[in-house]
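Notes for the one structure printed next.
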Amino acid sequence: MSDIRIDLQSDTQTRPTPGMMRAMAEAPLGDEQVDGDPTTDRLCAMVAGLFGKEAAVLMPSGTMCNLAAILVHCRPGDEILCDRTAHIITSESGGPAAIAGAMPRALDGVNGIFTPDQVVDGIRDVKRNAPRTRLLHVEQTANLGGGTVWPLAALEAVTETARRHGLATHMDGARLMNATVASGVAAGDYGRLVDSLWLDLSKGLGCPVGGVLAGSAAFIEEAWCWKQRLGGAMRQSGVLAAAGIYALDNHVERLAEDHANARAFAEGVRGLPGVVPDPGEVPTNIVFLDVTGTGMTTDAFRDRVLEHGVRLGRSDRRRLRAVTHLDVTRAHIDEAVRAVRDVAGAAERVA
Ligand SMILES: *Cc1c(COP(=O)(O)O)cnc(C)c1O
C-alpha cells in the first residue's frame with residue numbers, strides 16, 4: 001500500500017501539535033478517581049461553562065459519552081428517538097441495546113434533520129404493551145447527513161416537542177464546535193435546549209483522546225457512576241484534559257478553515273464524470289461523494305485514490321467520505337482533488 005500523505009478518512013486523523021504536547025507535559029496532575037485531577041476539573045468546568053450546564057465529566061470517548069447519557073436517561077426497554085443515520089445506531093456496536101437495554105427508534109430525517117411532527121409520530125401511546133418513549137437524541141452536526149448543522153429554530157422545535165411529551169433530551173455533539181463556528185450560534189444556546197450534551201476532543205479539535213459530557217449536577221453524578229462501571233474512570237487524566245483545554249483555547253476558530261477546505265474539495269470534484277457530492281451542500285467539514293456513476297465500487301475507487309497517497313473514507317456501497325481537519329491544508333486539498341480527478345477520468349476512459 002502506498003504511504004498516506006493526505007488523510008481525509010476522518011477528522012480523528014490528527015496528531016497533537018507541539019503546543020498541545022507542551023500543554024500535556026506541563027499539566028498539574030492528580031488522580032481523578034480518588035480525589036480529583038486538577039487539570040481534568042479545569043477542563044470540565046470550562047465545558048460546563050461553555051454549555052451553560054452545572055457540571056461535566058471527561059470520558060475516554062464520545063461513544064462513552066453517548067452510552068453513559070443513555071444509561072442515565074433510560075431504563076431497559078425504553079425507546080430513543082433519533083435519526084436513522086445516528087451514530088448510536090450505525091457505529092457504537094449496538095451499545096445502547098447491548099448495555100443500556102434501550103431501543104433506538106429511527107426517524108426518517110433529511111440529511112440527519114427531522115421535524116417536530118416526526119417526533120410526535122415517533123412517540124408511542126402509553127399502553128401496557130408499548131415501550132416507553134423516553135429520550136430524544138439529536139446529532140450536531142449530523143455526521144452521515146453530510147455534516148449538516150441543525151438550525152437553532154429546528155432544534156428548539158424538536159426539543160420543545162420532546163419536553164412537552166415528557167421526554168429527556170440529549171445532544172451528540174461530536175462536532176458541536178463545527179456547528180457553532182459554521183452557524184455563529186453560541187454553544188450555550190444549543191446547551192440550554194437539551195438536558196445533556198457533549199463535545200468530542202478527538203475530532204475537529206485535534207486532541208488524541210476524549211469527550212466531555214455536560215448536564216445538571218445530578219445528571220453528572222449518575223454519569224460518573226456509569227463511567228466507573230464501564231471502566232472509563234481514569235487516573236492522571238489531566239494529561240488528556242490539558243490537550244482539551246489547549247484545543248478549546250486554540251483550535252475552535254480555525255475550524256472555519258476546515259469548512260472552507262471541505263467546500264473547496266467538493267467544488268473541485270463537482271462535475272467530474274460519475275462523481276456527485278451528496279448532499280450537494282457542504283455546511284461544515286464533511287463531504288460525501290457518490291461515485292456509483294463511475295462504474296467503480298466505492299472500495300475500488302478508494303483504493304485507486306489511495307495509490308495517489310490520498311485516503312478517503314468508505315461510507316457505504318454508494319458513497320465515499322472526505323473529512324477535513326487540523327492536519328489538512330489547502331495545498332493538500334488541491335492534491336486530493338487532482339487524485340480524484342485522475343481516478344474518475346481513468347474510469348471514464350475505460351467505460
Ligand atoms: C465520532 C462520533 C462519535 C463517537 O466519538 P468517539 O470519540 O470516536 O467515540 C459519536 N457521534 C458522532 C456523530 C461521531 O461522529
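The values are calculated or read from the model by the stated rules, or taken from the named source; none is laboratory data. Model, not experiment: these values are computed from the prediction. Note: ideal-geometry Cβ built from the backbone for every residue, glycine included; neighbour counts use all protein chains shown. In case anyone asks, the SASA skips ligands and DNA or RNA and just uses the protein heavy atoms, side chains included. Shrake-Rupley method; radii C 1.70, N 1.55, O 1.52, S 1.80 Å.
So here's what we get for this one:
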read-out: Peptide ranges 153-162, 166-175 listed from the most packed, as the mean C-beta count within 10 angstrom indicates; value: 166-175, 153-162
read-out: Förster-model FRET efficiency, 25 Å R0, A260 and L29, C-beta, rounded to 0.05; value: 0.10
read-out: Heavy atoms of H73 accessible to a 1.4 Å probe, total area in Å² rounded to 10; value: 20
read-out: Label point distance in nm, V120-E156, each placed 7 Å from Cα along Cα→Cβ; value: 1.9
read-out: Å² per residue, accessible surface of segment 264-333 at 1.4 Å; value: 40
read-out: Calculated from backbone phi, Karplus (6.51, -1.76, 1.60) coupling profile of segment 326-333 in Hz, x at Gly/Pro; value: 3, 9, 10, 9, 5, 5, 4, 4
read-out: Helix axis angle, 238-250 relative to the chain longest principal axis, alpha carbon, degrees; value: 60
read-out: Separation between Cα centres of segment 61-103 and segment 162-205, rounded to whole Å; value: 16
read-out: Cβ-defined net charge surrounding D31, 14 Å radius [Lys, Arg +1; Asp, Glu -1]; value: -3
read-out: Label-point separation in nm, D334 to A106, each point 7 Å along Cα→Cβ; value: 4.2
read-out: Full-extension gain in nm, E253 to V350, via 0.36 nm per residue minus C-alpha separation; value: 30.5 nm
read-out: DSSP-defined beta bridges in the chain - what % are antiparallel, rounded to 5; value: 50
read-out: Mean Cβ neighbour count within 10 Å, used as a protection proxy, ranking 273-280, 242-249, 6-13 highest first; value: 242-249, 6-13, 273-280
read-out: Segments 122-130, 23-31 sorted - mean Cβ within 10 Å per residue, highest first; value: 23-31, 122-130
read-out: Per-residue [θ]222 nm for the chain (sum of -39500 (n - 2.57) over DSSP H runs n ≥ 4, rounded to 500); value: -12500 deg cm²/dmol
read-out: Gain upon complete extension [E307, D3; 0.36 nm per residue less C-alpha separation]; value: 108.6 nm
read-out: Residues of type aspartates and glutamates that K53 reaches as a straight line, Cα spacing below 12 Å, ignoring anything fewer than 8 places off in the same chain; value: D189, D195
read-out: Amide H within-cut-off set for H165, under 5 Å, with H built and near neighbours excluded; value: none
read-out: Within-13-Å neighbourhood charge of T161 [Cβ basis; K, R +1; D, E -1]; value: -2
read-out: Pairs of Cα atoms farther than 19 Å apart, segment 234-293, %; value: 50
read-out: Derived scalar couplings ³J(HN,Hα) [segment 220-228; Karplus, 6.51 cos²θ - 1.76 cosθ + 1.60; whole Hz; x for Gly, Pro]; value: 5, 4, 5, 4, 4, 4, 5, 4, 5
read-out: Residues of segment 64-172: accessible area per residue with a 1.4 Å probe, Å²; value: 41
read-out: Contour minus Cα-Cα distance for R318 and A300 (0.36 nm per residue); value: 5.3 nm
read-out: For A331, net neighbour charge (Lys/Arg +1, Asp/Glu -1) across residues whose Cβ lies under 15 Å away; value: -3
read-out: Karplus (6.51, -1.76, 1.60) ³J(HN,Hα), θ = phi - 60°, over segment 66-82, in Hz, Gly and Pro reported as x; value: 4, 5, 4, 5, 5, 5, 6, 6, 10, 9, x, x, 6, 10, 10, 8, 7
